[in-house]
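Read through the structure below, which is laid out as C-alpha cells, and then see the notes.
The values are calculated or read from the model by the stated rules, or taken from the named source; none is laboratory data. These numbers come from a predicted model, not from an experiment. Cβ placement follows ideal geometry from the backbone for every residue including glycine, while neighbour counts extend to all protein chains displayed.
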Amino acid sequence: MPGDRIVAGVPVLYAWHRFDQALGTPAANQAVLSWSTCGNIIGLAFSAHRDQVDIHQAHRTLNTGVIGHTIHFAEPFDVSQWLLFAHSADKAASGRVLGRGQVFTPGGELVAEFSQDAMAKAADREVDWQHAM
C-alpha cells in the first residue's frame, strides 16, 4: 500500500512509520506521533497539480505554512512498532490546503485521526528559504 494514489479525485498517501526506540509514556508516544503527522499534506495536495505547481519551490517562490493541525487519539499505541499513516489532501485552492489522515496498527486498529489547514501562495518575490516559515 505505500505510495500516493488518487482516490475519488483526492490524492492519498499511505506510508508505514516507526520510531527507532520505545518511549516510556503515553504522552511521549503521542508527541512523536503528532510531530510525524504534520509534514506530508501540503506536498500531497500539490501532487494533483504537478503541471501548475512545483513543490520544490516551497519557501523559495511559494509560501507555505501550517495554520492549524489537530490530532485525536483513539487508542494507546507504541511508536516503536509499525504504524500505517493514511494521508489525504482534500482541497488545494485559493491559497489554502485542507487535508486529514488516520493512523492504524498492522492489525487495522485505528489509533489516531488528524486534520490540517495550511496556507500555500505564490510569493511576489524570491523568498529567503533560510528565514522563511
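Side notes on the structure shown:
- When the range 76-112 is filtered for residues that are over 16 Å from ALA28 (Cβ atoms) and part of a loop (DSSP other than H, G, I, E, B), the ones remaining, listed by number, are TRP82, SER94, GLY95, THR105, PRO106, GLY107, GLY108, GLU109.
- Count - residues of the range 4-35 that are within 12 Å of VAL79 (Cα to Cα) and modelled with pLDDT under 90: 1
- Filtered residue count, the range 110-128, keeping only those that are farther than 17 Å from GLY68 by Cα and either touching a strand residue (DSSP E or B) at 6+ places or on another chain (Cβ under 8 Å) or modelled with pLDDT of 95 or more (or both): 5
- Any hit, the range 71-94, residues being at pLDDT below 85, of a type in the set (Gly, Ala, Ser), over 16 Å from ALA15 (Cβ atoms) and under 16 Å from the mean Cα position of the chain (by Cα): yes
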